[in-house]
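Participant: Here it is: the structure, laid out below.
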Amino acid sequence: MAQQALAAECTVSRGAIQVLLVADTHLGFDLPFRPRIDRRRRGRDFFANFERALAPALKGEVDLVVHGGDLFYRSRVPAALVDMALAPLVRVAQAGTPVYLVPGNHERSSIPLHLWTAHPNLHIFDRPRTFLYRGPRGSLALSGFPFARAVRDSFRSLVDQTGYRGEPALPRLLCLHQTIEGAQVGVGDYTFRRGSDVVPGQDIPPDFCAVLSGHIHRAQILTHDLRGRPFAAPVFYPGSVERTSFAEREEEKGYYRLAIDPAVGSGGALVDTRFVPLPARPMICLTIDTQERSGEGLREHLRQRLAALDPDAVVRVELRGPGAEAAFQTLSAARLREMAPPSMNVDLAPLRGHR
Ligand SMILES: [Mn+2]
């Protein structure tokens with residue numbers, strides 16, 4: 001809702017600086033280098049959507065790219081994956097479009113991102129700092145810092161440490177990988193309120209056009225705190241580029257395109273925002289009432305139920321009812337895969353009450 005309202009208030013400006021915001025690409029997820037099981041891997045979908053998200057940058061349709069962090073799916077990854085994951089960003093940088101990367105919780109320690117900071121168009125917020133962007137449509141200051149734990153008490157200090165005040169005349173963006181008050185996740189709309197790892201909305205300083213952040217996997221724009229008071233700047237979460245868990249099964253995936261006009265107001269203004277959807281695979285929780293079915297009867301029932309679903313789906317089978325426990329013992333992910341179309345990803349949920 002906030003997304004539509006904000007877009008409606010804005011007018012498209014040709015003179016504006018075009019920013020592409022993508023985050024939580026989780027590269028390396030389900031992408032083993034030496035797979036022991038031959039099945040469709042979801043890892044390719046994450047790479048494909050990352051490439052799709054960056055396509056406007058490769059075509060020269062945007063002036064700069066911000067990656068909001070969690071480039072990788074975890075904090076220890078093979079060196080070959082580091083090269084694979086950075087390659088799309090390096091292609092954008094080589095094509096002349098600057099890229100700004102916020103290290104997420106998965107990029108904090110052991111990933112040698114510093115090896116890439118030598119590229120003149122690839123900028124990494126490896127510490128609280130401010131980068132200046134200068135382009136044909138004007139200049140911007142991008143301030144940010146890597147993911148910080150217990151950020152509630154350190155947020156204001158970390159923002160100060162970026163040195164953002166040194167660029168008083170430019171439009172400013174704040175680039176983060178944090179949870180901000182009011183952010184929502186999951187099928188049940190879990191809302192982050194207070195907590196040592198939540199940034200209070202009122203702590204966002206009044207000096208930025210927008211806050212661009214990764215970490216929250218559902219795409220959303222935050223404009224008010226939980227007491228209804230407006231934020232000093234809207235917060236944009238593009239969300240993850242593919243569904244990383246069943247909690248994300250109802251979420252649309254994509255990225256944001258934002259336009260900042262340096263000529264509007266005193267320090268520039270956000271004049272256009274657009275969410276661009278990506279083709280995330282359907283994710284389905286399939287509940288099977290076993291009804292005392294077993295053996296071939298159960299397998300045939302499962303085959304029929306799976307055949308009725310989108311063959312491109314990622315499916316979790318949940319067994320219920322009388323006989324569920326016995327059926328659970330005879331089924332396995334490998335057996336489920338034999339019953340499903342090869343294009344499907346399928347696994348078996350733990351029995352309820354047995355987690
Ligand atoms: Mn993430």
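The values are calculated or read from the model by the stated rules, or taken from the named source; none is laboratory data. Just so you know, these numbers come straight off a predicted model, no measurement behind them. Quick reminder, even Gly has a Cβ in these numbers, built from the backbone with ideal geometry, and neighbours come from all protein chains shown.
Participant: Inspect all residues belonging to the stretch 39-57 and state whether any of them is assigned to a loop (DSSP other than H, G, I, E, B), out of contact with any Leu (no Cβ under 9 Å at 6 or more places or on another chain) and free of Cβ contacts under 8 Å to residues at least 40 places away in the same chain.
Facilitator: The answer is no; no qualifying residue exists.
Participant: Pull up the stretch 17-31, narrow it to residues that are away from the ligand (no atom under 16 Å from the Cβ) and surrounded by 24 or more Cβ atoms within 10 Å (Cβ to Cβ), then point me to the one that is farthest from Ser343 (Cα to Cα).
Facilitator: Checked the stretch 17-31; the qualifying residue farthest from Ser343 (Cα to Cα) is Ile17.
Participant: Mind listing whichever residues of the stretch 32-46 are surrounded by fewer than 23 Cβ atoms within 10 Å (Cβ to Cβ) and within 16 Å of the ligand (Cβ to nearest atom)?
Facilitator: Answer for the stretch 32-46, where residues must be surrounded by fewer than 23 Cβ atoms within 10 Å (Cβ to Cβ) and within 16 Å of the ligand (Cβ to nearest atom): Arg42, Gly43.
Participant: On the basis of being under 24 Å from Ser245 (Cβ atoms), touching a strand residue (DSSP E or B) at 6+ places or on another chain (Cβ under 9 Å) and either free of Cβ contacts under 8 Å to residues at least 40 places away in the same chain or in the same structural domain as Gly239 (by TED's automatic domain parsing) (or both), does Leu140 make the cut?
Facilitator: Taking the combined requirement at face value, the residue does not satisfy it.
Participant: Quick test for you: out of Ser154, Ser139, Ser213, pick the one residue that is outside any strand (DSSP E or B) and hydroxyl-bearing (Ser, Thr, Tyr).
Facilitator: Criteria check complete, one pass: Ser154.
Participant: In the stretch 76-101, what count of residues is obtained for those that are of a type in the set (A, V, I, L, M), touching a residue at least 24 places away in the same chain (Cβ under 8 Å), out of contact with any strand residue (DSSP E or B) (no Cβ under 8 Å at 6 or more places or on another chain) and under 15 Å from Ala55 (Cβ atoms)?
Facilitator: Result for the stretch 76-101: 1.
Participant: Please give the number of the condition Glu61 fails out of (1) under 30 Å from Arg335 (Cβ atoms); (2) in a loop (DSSP other than H, G, I, E, B).
Facilitator: Among (1) under 30 Å from Arg335 (Cβ atoms); (2) in a loop (DSSP other than H, G, I, E, B), the lone unmet condition for Glu61 is (1).
Participant: Sort out which residues of the stretch 169-192 are without any contact (Cβ under 8 Å) to a residue 60 or more places away in the chain, outside any strand (DSSP E or B) and exposed (fewer than 13 other Cβ atoms within 10 Å of the Cβ), and write them in order of number.
Facilitator: Scanning the stretch 169-192 gives Gly188, Asp189.
Participant: On the given criteria, is His106 out of contact with any Ser or Thr (no Cβ under 9 Å at 6 or more places or on another chain) and assigned to a loop (DSSP other than H, G, I, E, B)?
Facilitator: No: the conditions fail for His106.
Participant: Please go through the stretch 206-227 and pick out each residue that is surrounded by fewer than 17 Cβ atoms within 10 Å (Cβ to Cβ) and not basic (Lys, Arg).
Facilitator: Scanning the stretch 206-227 gives Pro206, Thr223, His224, Leu226.
Participant: Being polar (S, T, N, Q), modelled with pLDDT of 80 or more, out of contact with any Phe, Trp or Tyr (no Cβ under 9 Å at 6 or more places or on another chain) and over 24 Å from Pro78 (Cβ atoms): is that true of Gln4 here? Steps first, please.
Facilitator: Values: polar (S, T, N, Q): yes; modelled with pLDDT of 80 or more: no; out of contact with any Phe, Trp or Tyr (no Cβ under 9 Å at 6 or more places or on another chain): yes; over 24 Å from Pro78 (Cβ atoms): yes.
Here the answer is no, as Gln4 does not meet what is asked.
Participant: Here's a follow-up. Search the stretch 234-268 for residues being within 13 Å of the ligand (Cβ to nearest atom) and surrounded by 22 or more Cβ atoms within 10 Å (Cβ to Cβ), and hand back the single one that is farthest from Ala169 (Cα to Cα).
Facilitator: Of everything passing the filter in the stretch 234-268, Arg243 is farthest from Ala169 (Cα to Cα).
Participant: Condition first: within 16 Å of the ligand (Cβ to nearest atom) and out of contact with any helix residue (DSSP H, G or I) (no Cβ under 6 Å at 6 or more places or on another chain). Now tell me which residues in the stretch 51-71 satisfy that.
Facilitator: Listed by number, the residues that qualify are Ala53, Val66, His67, Gly68, Gly69, Asp70.
Participant: Which condition from (1) in contact with a helix residue (DSSP H, G or I) (Cβ under 6 Å, 6 or more places away or on another chain); (2) of a type in the set (A, V, I, L, M, F, W, C); (3) within 16 Å of the ligand (Cβ to nearest atom) is the one that Phe231 breaks?
Facilitator: Here Phe231 clears every test but (3).
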